[in-house]
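Peer 1: Take a look at the following structure, please.
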Amino acid sequence: MPRRDLTFQPNHYYHLYNRGNDRNAIFFERENYLHFLRLVRRHLTEETLDVLAYCLMPNHYHLLVRCKIEAVSEAMQRLAIAYTKAMNRRYNRVGSLFQGQFQAIEVDRDEYLYHLTRYIHLNPVKAGLVTHPKEWEFSSYLEYAGLRSGTLPRLDVVQQQLGCGEEYQAFLEVGDPPSAPITKDFATTLKALMLDE
């Protein structure tokens, strides 16, 4: 496995993502999504990082995280191995489930953080799986919108700027908080992340 150029640092934010090998599905039924989230808790959130936002799609996932320690790559590797082994056992399959190691981008600006949260939560709508993000069970949108009281995502960082409940729902509909216009550079970054295209 090639070495990652990015160094994870405590109290920094990162977008972690990966997709299925050859763009194939990584989640085959509802229980798979739930199992992945249980593994995220076990392998990532206990010691390694806080999850600020997430979305699990049929063939890829997005995690917006804040690191607690530097050993993120090792924890993500444990997550990927545990999930792949479970899927291989469950569906009598062999081989890699994911397309290589996970990808990571440092989120180094507030503008990026807010727009990335919006992008992550609108991913199922953009993919045509649902017409509104509240219809997709496997993302943290329901917590941000005040429609579910889940404990996985840490809402405080984003809610300080964008609000919660109806305020956050309005942000998704409008697109930009007043203080965070999107730049061309950021738009290019988002386009590169369109894993489902």
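Peer 1: Checking HIS60 against (1) closer than 20 Å to PRO153 by Cα; (2) open to solvent by 70 Å² or more (accessible area, probe 1.4 Å), which test does it fail?
Peer 2: Answer for HIS60: the failing condition is (2).
Peer 1: Is it the case that segment 91-99 has a residue that's at positive phi, open to solvent by 60 Å² or more (accessible area, probe 1.4 Å) and not aliphatic (A, V, I, L, M)? Working first, answer last.
Peer 2: We begin by selecting, within segment 91-99, every residue at positive phi; these are 92, 95.
If we keep only those that are open to solvent by 60 Å² or more (accessible area, probe 1.4 Å) too, we end up with 92.
After this cut, where a residue has to be not aliphatic (A, V, I, L, M) as well, the list is 92.
Scanning segment 91-99 turns up at least one residue that is at positive phi, open to solvent by 60 Å² or more (accessible area, probe 1.4 Å) and not aliphatic (A, V, I, L, M).
Peer 1: Now for a separate question. How many residues are modelled with pLDDT under 50, loosely packed, with under 10 Cβ neighbours inside 10 Å and under 17 Å from the mean Cα position of the chain (by Cα) when one looks only at segment 151-191?
Peer 2: Within segment 151-191, residues that are modelled with pLDDT under 50, loosely packed, with under 10 Cβ neighbours inside 10 Å and under 17 Å from the mean Cα position of the chain (by Cα) number 1.
Peer 1: Any residue in segment 18-33 that is part of a strand (DSSP E or B), touching a residue at least 12 places away in the same chain (Cβ under 8 Å) and of a type in the set (Lys, Arg)?
Peer 2: yes
Peer 1: Pairs only if they're at least six apart or on different chains, beta carbon under 9 angstrom, first in segment 59-72 and of a type in the set (Lys, Arg), second open to solvent by 10 Å² or more (accessible area, probe 1.4 Å) and assigned to a loop (DSSP other than H, G, I, E, B); list them, first residue then second.
Peer 2: Cβ pairs passing all conditions: ARG66/PRO10; ARG66/ASN11; ARG66/HIS12; ARG66/ARG154; LYS68/PRO10; LYS68/ASN11; LYS68/GLU47.
Peer 1: Mind telling me which of the residues GLU135, GLU143, GLU106 ends up being free of Cβ contacts under 8 Å to residues at least 24 places away in the same chain and in contact with a strand residue (DSSP E or B) (Cβ under 7 Å, 6 or more places away or on another chain)?
Peer 2: GLU143
The values are calculated or read from the model by the stated rules, or taken from the named source; none is laboratory data. What you see is a predicted model; the values in this text were computed from it and never measured. Ideal geometry is used to build each Cβ from the backbone, glycine not excepted, and the neighbour counts take in all protein chains shown. Protein only, heavy atoms only, side chains kept; ligands, DNA and RNA dropped before computing areas. Shrake-Rupley method; radii C 1.70, N 1.55, O 1.52, S 1.80 Å.
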